[in-house]
Amino acid sequence: MLRIGMLTSGGDCQALNAAMRGVVKGVCTKRSDVEIYGFEDGYKGLIYGNFRMLTAKDFSGILTRGGTILGTSRQPFKQMRIPDKDGLDKVAAMKHTYHKLSLDCLVILGGNGTHKTANLLREEGLNVVTLPKTIDNDLWGTDMTFGFQSAVDIATDTIDRIHTTATSHSRVFIIEVMGHKVGHVTLHAGIAGGADVILLPEIPYDINVITDVIQKRAVEGKPFTIIAVAEGAISKEDAKLKKKAYKEKLAKRKYPSIAYELAEQIRKKTEKEVRITVPGHTQRGGSPCAYDRVIATRVGAAAAELILNQEYGYMIGLKNDQTMKIPLQEVAGKLKMVDPEAGIIKEARMIGISFGDK
């Protein structure tokens with residue numbers, strides 16, 4: 001009997017169900033003696049032993065379904081070694097659940113924090129295989145994560161729709177895209193949507209550069225401006241602050257988010273009408289795009305092959321459009337940032353897109 005535990009952790013996104021389906025179909029195509037234990041609400045289910053017995057039928061018809069049939073939750077890695085309110089040792093509890101059910105392996109789908117905990121479990125002796133889930137596409141070791149392209153498509157659609165009202169009313173529109181630490185979604189959606197200014201966490205901006213772009217466009221007979229801003233975008237002044245000082249400043253900020261701060265600064269400097277659109281969690285929701293369905297299925301199938309071969313301690317990633325097994329210890333704790341000198345940035349600058357820095 002092959003006993004597989006499965007969980008989805010962290011923020012939800014499109015194609016989680018497609019990826020789990022790929023794993024289960026891949027394993028069950030080769031073996032009939034398979035038991036699947038689906039842990040509810042991420043690592044929380046593994047800690048407290050909350051699970052459902054699943055069969056291959058439970059993974060039928062979910063290729064196009066958004067979210068996750070197992071539910072998910074955020075369990076910060078920093079708190080994994082801290083006992084819960086009842087004094088329960090979380091790591092020991094996860095190991096206990098794993099051994100109590102006589103699992104052969106755990107399949108874990110998640111992003112950066114999820115992979116830190118997955119690697120911790122590997123270090124504790126559990127058999128683990130992971131899949132790269134995040135709309136941010138910031139996992140080290142893979143060219144692409146599932147969920148990213150779907151989020152880009154939604155953010156792009158938002159920018160497309162804003163373009164019509166921006167041109168009709170000659171306004172400045174700020175579209176705030178998800179991305180606290182990295183700007184991959186904003187970068188791709190901004191280029192695809194024809195944004196005039198793209199602001200990323202990796203490239204600190206100067207508000208004067210942004211307002212100069214707006215004024216120059218007006219002189220050229222272009223009275224509207226589209227600004228795509230990552231929620232983690234930061235000014236050059238704030239980028240000089242130490243991490244603690246910056247966090248303290250954010251805690252005192254009177255604005256609900258970066259878009260509102262920028263809007264007020266732009267109004268004061270240009271006297272332009274400024275409007276804000278925040279697509280928010282719509283970027284995580286709905287049915288996965290075709291591209292995400294394909295790569296989720298592929299990494300799921302590749303994970304199934306590892307399980308059948310009893311190869312554990314790896315994340316399945318994509319490199320040059322090929323599935324690859326990446327050692328978990330090489331993935332955990334590393335973010336894949338936008339490189340300010342990357343070709344995509346240079347090419348965007350070539351066609352006149354401003355990143356607010358020069």
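The values are calculated or read from the model by the stated rules, or taken from the named source; none is laboratory data. It should be emphasised that the depicted structure is a prediction, and the values quoted were computed from it without experimental measurement. Cβ atoms come from the backbone with ideal geometry, glycine included; neighbour counts cover every protein chain shown. With ligands, DNA and RNA removed, areas are computed over all heavy atoms of the protein, side chains included. Shrake-Rupley method; radii C 1.70, N 1.55, O 1.52, S 1.80 Å.
For the reader, a short list of remarks on this structure follows.
- Scanning the stretch 228-248 for residues that are open to solvent by less than 50 Å² (accessible area, probe 1.4 Å) and acidic (Asp, Glu) gives a single hit, 238.
- Residue count, the stretch 48-97 (criterion: at positive phi and either surrounded by fewer than 16 Cβ atoms within 10 Å (Cβ to Cβ) or in a helix (DSSP H, G or I) (or both)): 3
- Failed item in (1) of a type outside the set (S, T, N, Q); (2) under 21 Å from residue 230 (Cβ atoms); (3) modelled with pLDDT of 95 or more, with residue 298 passing the rest: (2)
- The listed residue being more than 24 Å from residue 158 (Cβ to Cβ) and either out of contact with any helix residue (DSSP H, G or I) (no Cβ under 7 Å at 6 or more places or on another chain) or without any contact (Cβ under 8 Å) to a residue 24 or more places away in the chain (or both), out of 220, 202: 220
- Qualifying residue in the stretch 171-178 (condition: more than 21 Å from residue 329 (Cβ to Cβ), basic (Lys, Arg) and open to solvent by 10 Å² or more (accessible area, probe 1.4 Å)): yes
- Residue within the stretch 69-76 that is within 27 Å of residue 52 (Cβ to Cβ), at pLDDT 95 or above and charged (D, E, K, R) present: no
- Residues of the stretch 1-41 satisfying the condition of being under 16 Å from the mean Cα position of the chain (by Cα) and over 25 Å from residue 309 (Cβ atoms): 10, 11, 12, 13, 14
- Within the stretch 29-47, the set of residues being crowded, with 17+ Cβ neighbours inside 10 Å, of a type in the set (Ser, Thr, Tyr) and outside any strand (DSSP E or B) comprises 43 only.
- From the options 275, 298, residue that is assigned to a strand (DSSP E or B) and either of a type in the set (Lys, Arg) or touching a Cys at 6+ places or on another chain (Cβ under 7 Å) (or both): 275
- Residue 113 among the small types (Gly, Ala, Ser), open to solvent by 30 Å² or more (accessible area, probe 1.4 Å) and either touching a strand residue (DSSP E or B) at 6+ places or on another chain (Cβ under 6 Å) or part of a helix (DSSP H, G or I) (or both): yes
- Selection within the stretch 118-152: residues that are among the aliphatic types (A, V, I, L, M) and closer than 14 Å to residue 283 by Cβ. The member of this set that is surrounded by the most Cβ atoms within 10 Å (Cβ to Cβ) is 151.
- Of all residues in the stretch 303-329 being part of a loop (DSSP other than H, G, I, E, B) and among the acidic types (Asp, Glu), the one that is most open to solvent (accessible area, probe 1.4 Å): 321
- Candidates 332, 348, 259, 342 - the one that is more than 29 Å from residue 215 (Cα to Cα) and either buried (at least 20 other Cβ atoms within 10 Å of the Cβ) or within 24 Å of the chain's Cα centre (by Cα) (or both): 332
- Test for residue 262: is it in a loop (DSSP other than H, G, I, E, B) and of a type outside the set (Lys, Arg): no
- Condition broken by residue 186, with the remaining ones in (1) within 20 Å of residue 260 (Cβ to Cβ); (2) open to solvent by 20 Å² or more (accessible area, probe 1.4 Å); (3) free of Cβ contacts under 8 Å to residues at least 60 places away in the same chain satisfied: (2)
- Segments classed as helices (runs of 4 or more DSSP H), wholly inside the stretch 156-247, with at least 2 members that are under 17 Å from residue 342 (Cβ atoms): 184-192
- Set 121, 54, 103, 88: member being among the aliphatic types (A, V, I, L, M) and under 26 Å from the mean Cα position of the chain (by Cα): 121
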